[in-house]
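Q: There's a structure below that I have some questions on.
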Amino acid sequence: MNLPRRPRRLRSTAALRDLVREHSLEPNDFILPLFVSEKVDAPVPVLSMPGVCQWPLEAMVEEAAAAHAQGIASVLLFGIPEHKDEQATQAYAEDGIVQRAVRALKARCPGLVVITDVCLCEFMSHGHCGVARFEDGRAHVHNDASVELLVKAAISHAAAGADIVAPSDMMDGRIGAIRRGLDAAGFTDTVVMSYAAKFASAFYGPFRDAAESAPKAGDRRSYQMDSANALEALREVALDVEEGADIVMVKPGMPCLDILWRVKERFALPTAVYNVSGEYAMVKAAAARGWIDERATVLEQMLAFKRAGADLIITYWAREILGWLRA
Ligand code: PBG
């Protein structure tokens, strides 16, 4: 055949493939989520997320220190409080589990970037991400009252030493309110990473076991986004950018590569993606049965995130990936 263009030429040896590779995975790309619980005194494995634990405070700090020594640059903290109520008071208590965990982490690993999830669901007795009242089994989540509590939570995390606060609740106006609150409290350098385009997703199922945050009645569809909507995702991100988000996040990951791509192209901000619990559980389950090659599928997914525009990837595989990259 007379072919002037033979794309296979550049694939013919491993060395040529290495030379023309467009994307690669670096240790700094990965953020490790950690669950710290006030209710356990030894690590408790999360059954639907093999390899993931709820940690007591000291053990969590040891795990983070080991991860940091391995090359993990950043962790995302979720807290599981002993006490829940209808005002999520432990979300913004000075001696709350997250606040204590941040202080302990920063004392042990000053160079580790500590990110806190700012949400109320783990701290609310009803499991919703905001202040709620119930009528006929339906939850009505009050936006502005919830934002007030989220601002308090974010300030308390910054006061404990968090480098980045990451609001995941999807209330309207919370990024601006948190930015103003942080600035007024003197935390002008605390970074806000907004869960900007967060869809109501069935892929969060296993996380709610890990964080003990499933809503007791109703679902999250009145605040998290409808999976059918892409333009709305761009409007959501635009609002968070206007309100002062430093980093924007798209969530879930694999089902939203189109959104990730558009967000990166349009806003050109540091862009994060959350490779969520259900995405993790699926591959773990298939790999455990020998149906899929875990390492190869995970690395392929991570490259897909990079190709789609992710600068940062939040993933439960972070430590394993660093090991694979080194091997
Ligand atoms: C808290 C929060 C959730 C996740 C991150 N922050 C759960 C939810 O919105 O129900 C999900 C993460 C995952 O599935 O891995 N609101």
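Q: So, in the range 24-326, how many Lys pairs have Cα atoms under 25 Å apart, if the pair is 8 or more places apart or on different chains?
A: Number of lysine pairs found: 22.
Q: Continuing with the same structure: Cβ under 12 Å from GLU22's Cβ, GLU22 left aside: what net charge do those residues give with Lys, Arg +1 and Asp, Glu -1?
A: +3
Q: Hey, another quick one. List, largest first, the extents of the alpha carbons of the chain along their principal axes, each in whole Å.
A: That works out to 72, 43, 42 Å along the principal axes.
Q: Taking the 0 to 90 degree range and rounding to the nearest ten, how far is the long axis of helix 231-243 tilted relative to the main principal axis of the chain, both from C-alpha atoms?
A: Its long axis makes an angle of about 60 degrees.
Q: List every residue whose amide H lies under 5 Å from the amide H of ASP219, counting only residues 5 or more places away in sequence or on a different chain, with H placed 1.01 Å from N in the peptide plane.
A: ALA139
Q: Output wanted: per-residue J couplings in Hz (rounded whole) for the range 49-58, from phi through Karplus 6.51 cos²θ - 1.76 cosθ + 1.60, θ = phi - 60°, x for Gly and Pro.
A: Once θ is set to phi - 60°, the couplings for the range 49-58 become 9, x, x, 9, 10, 8, 10, x, 3, 4 Hz.
Q: A further question follows. Around TYR195, with a cut-off of 14 angstrom between Cβ atoms, what is the net charge of the other residues, counting Lys and Arg +1 and Asp and Glu -1?
A: -3
Q: Now a separate question. When ligands, DNA and RNA are left out and all protein chains stay put, how many square angstrom of accessible area per residue does the range 286-327 have with a 1.4 Å probe?
A: For the range 286-327, the per-residue accessible area is 48 Å².
Q: Taking amide H positions as placed 1.01 Å from N in the peptide plane, with prolines and chain starts having none, which residues 5 or more places from GLN54, or on another chain, fall under 5 Å of its amide H?
A: VAL44, VAL46
Q: Find, among the trypsin sites (Lys or Arg not before Pro) in the range 1-74, those assigned to loop by DSSP (not H, G, I, E, B) with at most 10 other beta-carbon atoms within 10 angstrom.
A: ARG5, ARG21
Q: Based on DSSP H runs of at least 4 residues, each adding -39500 (n - 2.57), what is the mean residue ellipticity at 222 nm of the chain after dividing by all its residues, to the nearest 500 deg cm²/dmol?
A: -12000 deg cm²/dmol
Q: Only Cα pairs within less than 10 Å get springs; with that Gaussian network setup on the chain, which residue of VAL192, VAL283, VAL147 has the largest fluctuation?
A: Highest fluctuation of the listed residues: VAL283.
Q: Next question. Is the shape of the range 204-305 best called rounded, prolate or oblate, per the rule: a/c under 1.5 gives rounded, else a/b larger than b/c gives prolate, else oblate, with a ≥ b ≥ c the square roots of the Cα gyration tensor eigenvalues?
A: Oblate shape, in that a/c is at least 1.5 and b/c is the bigger or equal ratio.
Q: Between the range 199-269 and the range 1-29, how many Å separate their Cα centres?
A: 33
Q: If you don't mind, another one. Report, in whole Å, the centroid distance computed from the Cα atoms of the range 291-309 and the range 70-149.
A: The distance from the Cα centre of the range 291-309 to that of the range 70-149 comes to 30 Å.
Q: I would also like to ask the following. Would you kindly derive the ³J(HN,Hα) couplings of the range 128-135 from the backbone phi angles with the Karplus curve 6.51 cos²θ - 1.76 cosθ + 1.60 (θ = phi - 60°), listing them in order in whole Hz, with x for Gly and Pro?
A: 8, 7, x, 5, 10, 10, 10, 8
Q: In debye, nearest 20: dipole of the range 205-289 around its Cα centre with unit charges on the Cβ of K, R (+) and D, E (-)?
A: I would put it at about 380 debye.
Q: To two decimal places, what compactness ratio does the range 136-198 give when its Cα radius of gyration is scaled by 2.2 N^0.38 Å?
A: Expressed relative to 2.2 N^0.38 Å, the Cα Rg reads 1.16.
Q: Rank-order 219-227, 119-127 by packing density, defined as the average count of other C-beta atoms within 10 Å over each peptide's residues, highest first.
A: 119-127, 219-227
Q: Can I ask one more? Using +1 at the Cβ of each Lys and Arg and -1 at the Cβ of each Asp and Glu in the chain, identify which of SER37, SER194, CYS119 lies farthest towards the dipole's positive end.
A: The residue sitting most towards the positive pole is SER194.
Q: Separate question: When the accessible area of the range 24-326 is split by element with a 1.4 Å probe, what percent falls to carbon and sulfur?
A: 53
Q: Using each residue's phi in the range 320-327, evaluate 6.51 cos²θ - 1.76 cosθ + 1.60 at θ = phi - 60° and report the 3J(HN,Hα) Karplus result to the nearest Hz, with x for Gly and Pro.
A: Those phi angles translate into 5, 4, 4, x, 5, 5, 7, 5 Hz.
The values are calculated or read from the model by the stated rules, or taken from the named source; none is laboratory data. All values reported here derive from a predicted model rather than from experimental measurement. Don't worry about glycine lacking a Cβ; one is built from the backbone with ideal geometry, like all the others, and counts go over all protein chains shown. Only protein heavy atoms, including side chains, enter the accessible area calculation; ligands, DNA and RNA are left aside. Shrake-Rupley method; radii C 1.70, N 1.55, O 1.52, S 1.80 Å.
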